[in-house]
1. Any idea which of (1) crowded, with 16+ Cβ neighbours inside 10 Å; (2) modelled with pLDDT under 95; (3) not in a loop (DSSP other than H, G, I, E, B) is the one residue 86 doesn't satisfy?
2. Mind checking which residues of region 102-136 are in contact with a helix residue (DSSP H, G or I) (Cβ under 8 Å, 6 or more places away or on another chain) and part of a helix (DSSP H, G or I)?
3. Taking the criterion of being closer than 30 Å to residue 286 by Cα, modelled with pLDDT of 90 or more and in contact with a strand residue (DSSP E or B) (Cβ under 6 Å, 6 or more places away or on another chain), would at least one residue in region 96-109 satisfy it?
4. Consider residue 56 carefully, then state whether it is out of contact with any helix residue (DSSP H, G or I) (no Cβ under 7 Å at 6 or more places or on another chain), in contact (Cβ under 8 Å) with a residue 12 or more places away in the chain and more than 24 Å from residue 108 (Cα to Cα).
5. List the helices (runs of 4 or more DSSP H) inside region 162-242, counting only whole elements, that have at least 2 residues being more than 18 Å from the chain's Cα centre (by Cα) and closer than 25 Å to residue 133 by Cα.
6. Please count how many residues of region 290-310 are within 23 Å of the chain's Cα centre (by Cα) and in a loop (DSSP other than H, G, I, E, B).
7. Give 52, 77, 56 a once-over and let me know the one that is modelled with pLDDT of 85 or more, in a loop (DSSP other than H, G, I, E, B) and touching a strand residue (DSSP E or B) at 6+ places or on another chain (Cβ under 8 Å).
8. Can you find even one residue in region 272-279 that is assigned to a loop (DSSP other than H, G, I, E, B) and at pLDDT below 70?
C-alpha cells in the first residue's frame, strides 16, 4: 500500500447505529477522505470496482482474491476510471465516474487518510484490519432502537444472503442456522426480522470485543448523551486531531447551539437532537413490538444493555 497514506479507518456496526453521524463527524477534519459504503451491493461501482454479490458480504483469507485488489485501489484512491466509464449505462453514471476520478486524484495528491463508512462490512472487519491495517470504530445500538429505525424506513432483510455464504455460516453464523433457515423460507414481520438481524450482528461484535479489546467500540446511546467527550475519545483512539472547529461542528449536528453553519455538502441531513434520539424507539414501537424484540434477541442484549435500558 502507498506509504504516504495513513492507516485507513473503518466505521461500522449495524445499519441505523449512527455510522453516518460518526463517519461524517470524523471526516470533517482536514486531511480525511470519506468513502461511503463500498460493500453496499445496490450502489454504483464508482469508488470500489468490485461487485459484492450479497448483503453483508463476508471476506476472509479464503475468498480475498476476488476482492482485495479492488479494495486496495479504493484505499489508495485509484478509481480505475476507464473501466468504470466503459461500464456506465447513462450520462449520469459516466459523470459520477468522472467526479470520482477528480475527487480521488485530489485525495491522492493531498495524501488524505481514507475513512470508510460501511455497516455492511461488519462481518469482514477482521479481514480488513489484518489485510489493510484499518482502525475499526464499531457502533452498538439498542435492539429496540434498531427495530424502530427499520420499521420507520421499511427496511427488510433477505436472510437467504447469509445461507449463500458458506464461509460466513461456518465461521460466524452457525449458531443461528435454524432461525436463518426459517426467515429465509418465509417472510416475517419487519420487527422480527430486525430482532434476529440485531442478534446476529451483535453476536459477532461481542466476539470482536473479546478478541480485540484494542478496537474502538462505542454505544450509540453513550455518544448521544455526551457527544463532545465521546467524540474526543474516539478521535484520540483513532489518532485524529480534535480542534475547536470540530467541537463546534459536533455541537451543531448533535442538538447543541448552531454556532457553526451546516455544511450540506459534507453533512447532508445530519442535524439531530442526539439526547432525544436515544429513546425515539419508545414512540415508534408498540409495547407488543418491544416485547417481541426483547424476546427474540434474548440474552444477547444483556452483553451491551441492562434491564433498565428497556
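1. (1)
2. Correct list: 119, 121, 122, 123, 125, 126, 127, 128, 131, 132.
3. no
4. no
5. Values: elements: 177-185, 190-211, 220-225, 227-237.
The qualifying helices (runs of 4 or more DSSP H) are 190-211, 227-237.
6. Total meeting the criteria: 2.
7. Numbers: 52 fails: touching a strand residue (DSSP E or B) at 6+ places or on another chain (Cβ under 8 Å); 56 fails: touching a strand residue (DSSP E or B) at 6+ places or on another chain (Cβ under 8 Å).
Of the residues listed, the single one that is modelled with pLDDT of 85 or more, in a loop (DSSP other than H, G, I, E, B) and touching a strand residue (DSSP E or B) at 6+ places or on another chain (Cβ under 8 Å) is 77.
8. Looking for residues that are assigned to a loop (DSSP other than H, G, I, E, B) and at pLDDT below 70, one finds at least one in region 272-279, hence yes.
The values are calculated or read from the model by the stated rules, or taken from the named source; none is laboratory data. Worth saying up front: this structure is predicted, and the values here are computed from it rather than measured. Please note: Cβ atoms are built from the backbone with ideal geometry, for glycine as well, and neighbour counts cover all protein chains shown.
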